[in-house]
Amino acid sequence: MATSSPQFPVSRRTLLASAGAVSLSAALAACGGDGKGGGGTSAAAAVSQADIDKAMSTATELTFWTWVPDIAQEVALFEKKYPAVKVKVVNAGQGGPEYTKLRTVLQAGTGAPDVAQIEFQYIPTFTITDSLLDLRPYGAAALKDKFVDWTWAQVSGPNGEVWAIPQDTGPLGMLYRKDIFDQYGIQVPTTWDEFAAAARKLHAANPEVYLTNFAASQPAAWHGLLWQAGGKPYVRSGKSTIAIHVNDATSKKLAAYWGGLAKEGVVGIEPDFTDPWFAALNSGKYATWLTAAWGPVFLSGSAKSTSGKWRAAPLPQWDASTPQSGNWGGSTSAVIKSTKNPIAAAVFAQFLNVDPASALLFATKQFFFPATKAVLADPAYVGATPAFYGGQKVNELFAGISSTVNTTFQWPPFLDRVEADFKETVGKSLTDKTDAVTALDQWQTRITTFAKGQGFTVQ
Amino acid sequence: MSVITARSSRRTAGPLFVAPFLLLFVLLFLAPLGYAAYLSLFEHKLIGGTTFVGLDNYVTAVKDPQLIHGVLRVATFFLIQVPVMLVLALLFALALDSGLVRLARVVRLGIFVPYAVPSVVASLMWGYLYGPDYGPFAQLSKALHVPVPHFLSSGWMLGSLANIVTWEFVGYNMIILYAALRAIPHELYEAAAVDGAGAWRTAWSIKLPALRPALMLTLVFSVIGSFQLFNEPNLLQRLAPAVIDSAYTANLYAYSLAFISQQINYAAAVSFLLGLVIVIVSYAVLLTANRRRTP
């Protein structure tokens with residue numbers, strides 16, 4: 001923190017100035033291709049540094065919806081730098097409840113915040129309703145290189161729009177119980193074949209223990225693993241056309257794998273984040289947890305009794321020669337289009353996640369897994385040796401994993417419905433131990449019907 | 001002269017007394033209802049925006065298998081759960097009223113307390129008790145080496161929900177029935193005693209007929225409660241997502257349509273149809289009861 005923060009005020013200024021130039025050219029390029037897109041036209045009017053300076057020294061109050069605990073510390077850094085701008089933090093609920101409220105106020109036309117926390121995968125559900133502000137005119141395009149590539153791809157629109165600024169991420173890895181692995185002579189699996197073999201071996205050795213729990217009702221984990229496998233379930237072209245392939249060969253490979261292990265009864269299939277699930281993690285019923293980079297800290301708080309027994313490793317691979325990972329979770333800060341203070345809101349969204357002191361605070365106080373390359377390379381962060389993991393440099397491991405996350409994965413603009421349908425088709429089939437591959441077809445049919453009903457052209 | 005002013009002031013007094021209620025009734029009940037009815041005549045698409053579709057949403061809804069299943073499920077729930085709950089409430093009320101129960105006040109409070117527990121808390125608590133691994137019933141079964149009951153499986157779920165709702169509302173219904181029992185004039189009991197009626201005969205021939213209006217009230221409340229079943233399945237959904245889907249009950253379906261699928265217009269139509277079902281069932285219940293009373 002001490003090494004990086006003093007240089008910030010200087011770099012901030014130059015950064016914003018150069019950003020204007022970069023975004024202007026990007027905007028012109030975008031307009032050449034598609035002039036009618038909302039993002040394209042607004043991007044053309046790059047905001048000058050003078051306008052930014054003026055807005056940031058005018059008394060303003062921003063409303064910021066977020067569910068990050070203790071975010072006042074980061075907000076205070078912003079208010080210290082821009083004393084004229086006050087930020088009112090509102091916790092409108094975590095994830096789903098916040099989005100429901102946000103959609104309601106957006107429809108009502110009043111009461112929307114200036115800036116809102118939105119998870120990566122939900123950004124398309126708000127861009128389809130044209131509710132987010134393209135941040136390019138406010139210097140955001142120049143931030144591209146500060147963020148891990150895949151996180152920037154997640155917040156970028158098809159014409160180069162910048163819909164949000166990444167805040168934290170969740171590249172997938174594997175946490176495992178070293179003591180259980182040692183006890184039953186299990187090597188840390190590096191491929192999914194080895195993982196399946198280990199699952200059979202462990203459960204045969206002790207019927208009370210499973211190698212892992214695959215939460216059949218957790219579409220976010222499914223999407224993360226599908227992401228790792230190289231799946232491209234949703235590909236959009238233009239606003240109203242979408243290709244849906246949730247039952248393609250990659251998905252079927254994944255469904256056959258987990259459906260097979262579930263049918264054999266060698267992995268658990270109970271819902272996650274429930275009381276029985278927490279109890280199982282504490283009792284050693286599950287020897288691994290396939291989870292995101294936010295998992296290590298979460299687990300050390302939820303399974304205190306197992307401290308020192310856990311270690312972290314990358315996900316097992318489909319092709320060991322090219323390591324891949326997917327993402328599960330993480331958030332962004334997005335500016336709502338209806339804001340009356342677009343400049344202040346855009347500068348705030350950027351400051352919060354780019355300012356070295358603020359970004360490092362998220363990593364060290366809220367224990368978020370960082371999205372910026374700077375924090376991921378900061379020795380103060382990656383050098384940490386938590387006792388819960390026997391002193392292993394867990395952050396460093398996940399920082400490495402983050403660079404293996406595929407950059408092209410896309411989300412559908414009606415994700416809530418897609419996830420609900422997943423639970424009722426694939427999730428149900430895994431739980432009931434019926435044919436998960438066939439369930440993929442049902443899922444595909446349901447989403448396709450819904451998408452067509454919503455006026456999409458489905459390819 | 002004075003007669004006329006008294007009459008005219010009485011004429012204005014009536015509406016004035018009713019005005020506060022009417023105002024709130026219109027603002028908080030009729031207006032939203034009218035708005036929902038209005039919404040139900042449109043269709044909103046992510047691509048294409050909002051269009052007027054007339055009664056299309058209703059036509060779709062009456063043929064929607066998910067809605068029909070949801071309604072049939074709550075109807076089954078009503079037929080199983082409500083008789084059990086009301087019989088229990090009646091037995092408790094009669095027992096307390098008989099004066100034969102020791103510590104009557106403590107018992108009465110004990111039966112009523114679950115109603116004071118918010119249904120959300122009750123569902124979370126029962127969700128824990130039902131747990132297939134670490135719930136007390138599962139632990140007990142394991143200790144006794146008997147099969148663990150799967151309260152959260154698809155076969156048991158409706159019964160498990162019925163148990164939660166019964167636990168919550170027996171006390172509430174008991175209080176209504178108990179209050180009605182206390183209102184029976186004591187002369188009737190004395191007359192019965194003079195005629196040689198014992199405790200059972202008194203209960204059957206005097207208390208039960210006198211309870212009929214109160215029982216009707218609890219029955220109609222139960223119709224509404226059953227058909228609007230929402231909190232309990234919504235919370236147990238997290239524990240058994242493969243069993244409780246988004247259309248498990250009709251009300252849950254309306255909620256999922258509005259907030260997961262963003263189909264607010266269709267959700268409004270579904271809600272109206274559900275309301276219609278409740279009106280019909282309530283009316284049928286009242287009609288059969290009234291017919292019996294006037295043979």
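The values are calculated or read from the model by the stated rules, or taken from the named source; none is laboratory data. Keep in mind that what you see is a predicted model, and the values were worked out from it rather than measured. Methodologically, a virtual Cβ is constructed for each residue, glycine included, from the backbone with ideal geometry; neighbour enumeration extends over all protein chains shown.
For the stretch B:77-111, what are the residues that are outside any helix (DSSP H, G or I) and aliphatic (A, V, I, L, M)?
Filtering the stretch B:77-111 down to residues outside any helix (DSSP H, G or I) leaves B:98-103.
The answer is B:Leu100, B:Val101, B:Leu103.
State whether one or more residues within the stretch A:403-415 are over 30 Å from A:Thr457 (Cβ atoms) and in a loop (DSSP other than H, G, I, E, B). Spell out the reasoning first.
Of all residues in the stretch A:403-415, those over 30 Å from A:Thr457 (Cβ atoms) come to A:403-404.
If we keep only those that are in a loop (DSSP other than H, G, I, E, B) too, we end up with A:403-404.
Yes.
When you check A:Phe126 against the structure, is it surrounded by fewer than 21 Cβ atoms within 10 Å (Cβ to Cβ) and part of a helix (DSSP H, G or I), yes or no?
Details: surrounded by fewer than 21 Cβ atoms within 10 Å (Cβ to Cβ): no; part of a helix (DSSP H, G or I): yes.
Spelling it out, it is not the case that A:Phe126 is surrounded by fewer than 21 Cβ atoms within 10 Å (Cβ to Cβ) and part of a helix (DSSP H, G or I).
Given the criteria surrounded by 21 or more Cβ atoms within 10 Å (Cβ to Cβ), in a helix (DSSP H, G or I), more than 14 Å from chain B (Cβ to nearest Cβ) and in contact (Cβ under 8 Å) with a residue 60 or more places away in the chain, does A:Leu440 qualify? Explain how you work it out, then say what you get.
On the way: surrounded by 21 or more Cβ atoms within 10 Å (Cβ to Cβ): yes; in a helix (DSSP H, G or I): yes; more than 14 Å from chain B (Cβ to nearest Cβ): yes; in contact (Cβ under 8 Å) with a residue 60 or more places away in the chain: yes.
Here the answer is yes, as A:Leu440 does meet what is asked.
Looking at the stretch A:251-302 only, could you name the residues that are of a type in the set (D, E, K, R) and over 27 Å from A:Asp182 (Cβ atoms)? Show your work before the answer.
As a first pass, look at the stretch A:251-302 and keep what is of a type in the set (D, E, K, R): A:252-253, A:263-264, A:270, A:272, A:275, A:285.
Matches in the stretch A:251-302: A:Lys252, A:Lys253, A:Lys263, A:Asp275.
Yes or no: the stretch B:234-250 includes at least one residue that is within 11 Å of another protein chain (Cβ to nearest Cβ) and in contact with a Phe, Trp or Tyr (Cβ under 7 Å, 6 or more places away or on another chain).
Checking the stretch B:234-250: at least one residue is within 11 Å of another protein chain (Cβ to nearest Cβ) and in contact with a Phe, Trp or Tyr (Cβ under 7 Å, 6 or more places away or on another chain).
Mind checking whether some residue in the stretch B:251-261 is surrounded by fewer than 22 Cβ atoms within 10 Å (Cβ to Cβ), within 9 Å of chain A (Cβ to nearest Cβ) and part of a loop (DSSP other than H, G, I, E, B)?
Yes: the stretch B:251-261 contains one or more residues that are surrounded by fewer than 22 Cβ atoms within 10 Å (Cβ to Cβ), within 9 Å of chain A (Cβ to nearest Cβ) and part of a loop (DSSP other than H, G, I, E, B).
Mind listing just one residue for me: the one in the stretch A:320-338 that is within 13 Å of the chain's Cα centre (by Cα) and polar (S, T, N, Q) and, of those, farthest from A:Leu133 (Cα to Cα)?
Looking at the filtered set, the residue picked out is A:Ser325.
Please state which of the following conditions A:Trp222 fails to meet, knowing it meets all the rest: (1) modelled with pLDDT of 95 or more; (2) more than 13 Å from every other protein chain (Cβ to nearest Cβ).
(2)
It is to be established whether one or more residues within the stretch B:243-258 are out of contact with any helix residue (DSSP H, G or I) (no Cβ under 7 Å at 6 or more places or on another chain), closer than 21 Å to B:Ile80 by Cα, modelled with pLDDT of 90 or more and β-branched (Val, Ile, Thr). Don't jump to the end; show me each part of the working.
As a first pass, look at the stretch B:243-258 and keep what is out of contact with any helix residue (DSSP H, G or I) (no Cβ under 7 Å at 6 or more places or on another chain): B:255.
Subset that is closer than 21 Å to B:Ile80 by Cα: none.
Taking every residue of the stretch B:243-258 in turn, none turns out to be out of contact with any helix residue (DSSP H, G or I) (no Cβ under 7 Å at 6 or more places or on another chain), closer than 21 Å to B:Ile80 by Cα, modelled with pLDDT of 90 or more and β-branched (Val, Ile, Thr).
Return the residues of the stretch A:425-437 that are at the interface with chain B (Cβ under 7 Å from one of its Cβ atoms), touching a residue at least 12 places away in the same chain (Cβ under 8 Å) and of a type in the set (D, E, K, R); say none if nothing qualifies. Reasoning before the result, please.
Of the residues in the stretch A:425-437, the ones at the interface with chain B (Cβ under 7 Å from one of its Cβ atoms) are A:427-428, A:431-432.
Next, from what is left, pick out any that are touching a residue at least 12 places away in the same chain (Cβ under 8 Å): A:427-428, A:431.
Once the filter is applied, which keeps residues that are at the interface with chain B (Cβ under 7 Å from one of its Cβ atoms), touching a residue at least 12 places away in the same chain (Cβ under 8 Å) and of a type in the set (D, E, K, R), the stretch A:425-437 yields only A:Lys428.
If we keep just the residues of the stretch A:107-121 that are surrounded by 21 or more Cβ atoms within 10 Å (Cβ to Cβ) and either assigned to a helix (DSSP H, G or I) or in contact with a Cys (Cβ under 6 Å, 6 or more places away or on another chain) (or both), which is nearest to the other protein chains (Cβ to nearest Cβ)?
A:Gln121
Being under 28 Å from B:Ser222 (Cα atoms), away from every other protein chain (no Cβ under 14 Å), in contact (Cβ under 8 Å) with a residue 12 or more places away in the chain and surrounded by 13 or more Cβ atoms within 10 Å (Cβ to Cβ), is that true of even one residue in the stretch B:24-35?
No, there is no match, as no residue in the stretch B:24-35 is under 28 Å from B:Ser222 (Cα atoms), away from every other protein chain (no Cβ under 14 Å), in contact (Cβ under 8 Å) with a residue 12 or more places away in the chain and surrounded by 13 or more Cβ atoms within 10 Å (Cβ to Cβ).
With more than 14 Å from every other protein chain (Cβ to nearest Cβ) and either of a type in the set (Val, Ile, Thr) or surrounded by fewer than 24 Cβ atoms within 10 Å (Cβ to Cβ) (or both) as the only criterion, which of A:Ala420, A:Ala359, A:Ala387 stands out? Quick ask: steps written out before the conclusion?
Values: A:Ala420 fails: more than 14 Å from every other protein chain (Cβ to nearest Cβ); A:Ala359 fails: either of a type in the set (Val, Ile, Thr) or surrounded by fewer than 24 Cβ atoms within 10 Å (Cβ to Cβ) (or both).
Result of the check over A:Ala420, A:Ala359, A:Ala387: A:Ala387.
Could you please find all residues in the stretch B:36-69 being without any contact (Cβ under 8 Å) to a residue 24 or more places away in the chain and among the aromatic types (Phe, Trp, Tyr)?
Scanning the stretch B:36-69 gives B:Tyr38, B:Phe52.
Only one of these is more than 14 Å from every other protein chain (Cβ to nearest Cβ), surrounded by fewer than 17 Cβ atoms within 10 Å (Cβ to Cβ) and within 20 Å of B:Met157 (Cβ to Cβ): B:Pro136, B:Pro83, B:Pro118. Name it.
Of B:Pro136, B:Pro83, B:Pro118, the one residue that is more than 14 Å from every other protein chain (Cβ to nearest Cβ), surrounded by fewer than 17 Cβ atoms within 10 Å (Cβ to Cβ) and within 20 Å of B:Met157 (Cβ to Cβ) is B:Pro83.
For B:Leu96, all conditions in the list (1) within 19 Å of the chain's Cα centre (by Cα); (2) touching a residue at least 24 places away in the same chain (Cβ under 8 Å) hold save one; what is the number of the exception?
Of everything listed in (1) within 19 Å of the chain's Cα centre (by Cα); (2) touching a residue at least 24 places away in the same chain (Cβ under 8 Å), B:Leu96 misses just condition (1).
Return the pair list, or none, for Cβ contacts closer than 6 Å from residues in the stretch A:261-272 that are within 11 Å of chain B (Cβ to nearest Cβ) to residues that are of a type in the set (Lys, Arg), at least 6 apart or on different chains.
Within 6 Å, no pair qualifies.
Which residue, of A:Thr66, A:Thr110, A:Thr104, A:Thr100, is of a type in the set (Ser, Thr, Tyr), in contact with a Ser or Thr (Cβ under 9 Å, 6 or more places away or on another chain) and without any contact (Cβ under 8 Å) to a residue 24 or more places away in the chain?
Details: A:Thr66 fails: without any contact (Cβ under 8 Å) to a residue 24 or more places away in the chain; A:Thr104 fails: in contact with a Ser or Thr (Cβ under 9 Å, 6 or more places away or on another chain); A:Thr100 fails: in contact with a Ser or Thr (Cβ under 9 Å, 6 or more places away or on another chain).
Among A:Thr66, A:Thr110, A:Thr104, A:Thr100, only A:Thr110 is of a type in the set (Ser, Thr, Tyr), in contact with a Ser or Thr (Cβ under 9 Å, 6 or more places away or on another chain) and without any contact (Cβ under 8 Å) to a residue 24 or more places away in the chain.
Of all residues in the stretch B:147-175 being of a type outside the set (A, V, I, L, M, F, W, C) and assigned to a helix (DSSP H, G or I), which is surrounded by the most Cβ atoms within 10 Å (Cβ to Cβ)? Reasoning before the result, please.
Residues of the stretch B:147-175 of a type outside the set (A, V, I, L, M, F, W, C): B:147, B:149-150, B:153-155, B:159-160, B:163, B:166, B:168, B:171-173.
If we keep only those that are assigned to a helix (DSSP H, G or I) too, we end up with B:159-160, B:163, B:166, B:168, B:171-173.
Values: B:Gly159: 12, B:Ser160: 21, B:Asn163: 18, B:Thr166: 19, B:Glu168: 22, B:Gly171: 22, B:Tyr172: 18, B:Asn173: 27.
Once the filter is applied, the top-ranked residue is B:Asn173.
If you take just the helices (runs of 4 or more DSSP H) that sit entirely in the stretch A:285-387, which of them hold at least 3 residues that are closer than 30 Å to A:Glu270 by Cβ and of a type outside the set (Phe, Trp, Tyr)? Step through it out loud before you land on a result.
Numbers: elements: A:295-302, A:342-354, A:356-364, A:373-376, A:379-382.
Correct list: A:295-302.
A:Leu254 versus (1) crowded, with 21+ Cβ neighbours inside 10 Å; (2) outside any loop (DSSP other than H, G, I, E, B); (3) away from every other protein chain (no Cβ under 14 Å); (4) in contact (Cβ under 8 Å) with a residue 40 or more places away in the chain: which is the lone unmet condition?
Of (1) crowded, with 21+ Cβ neighbours inside 10 Å; (2) outside any loop (DSSP other than H, G, I, E, B); (3) away from every other protein chain (no Cβ under 14 Å); (4) in contact (Cβ under 8 Å) with a residue 40 or more places away in the chain, only one is false for A:Leu254: (4).
Return the residue satisfying two criteria in turn: it lies in the stretch A:225-251 and is assigned to a loop (DSSP other than H, G, I, E, B) and over 21 Å from A:Val458 (Cβ atoms), and of such residues it is farthest from the other protein chains (Cβ to nearest Cβ). Before you say what the answer is, go through the steps one by one.
Filtering the stretch A:225-251 for residues assigned to a loop (DSSP other than H, G, I, E, B) gives A:229-233, A:238-240, A:245-248.
Right, trim to over 21 Å from A:Val458 (Cβ atoms) and you get A:229-230.
Working: A:Ala229: 23, A:Gly230: 27 Å.
Result: A:Gly230.
How many residues are crowded, with 24+ Cβ neighbours inside 10 Å and acidic (Asp, Glu) when one looks only at the stretch A:129-163?
2
Being surrounded by fewer than 22 Cβ atoms within 10 Å (Cβ to Cβ) and in contact with a helix residue (DSSP H, G or I) (Cβ under 7 Å, 6 or more places away or on another chain), is that true of even one residue in the stretch A:325-332? Lay out the reasoning, then the answer.
Initial filter on the stretch A:325-332 (surrounded by fewer than 22 Cβ atoms within 10 Å (Cβ to Cβ)): none.
Checked the stretch A:325-332: no residue is surrounded by fewer than 22 Cβ atoms within 10 Å (Cβ to Cβ) and in contact with a helix residue (DSSP H, G or I) (Cβ under 7 Å, 6 or more places away or on another chain).
Which residues, taken from the stretch A:164-191, are surrounded by fewer than 24 Cβ atoms within 10 Å (Cβ to Cβ) and part of a loop (DSSP other than H, G, I, E, B)?
A:Tyr184, A:Gly185, A:Ile186, A:Gln187, A:Val188, A:Pro189, A:Thr190
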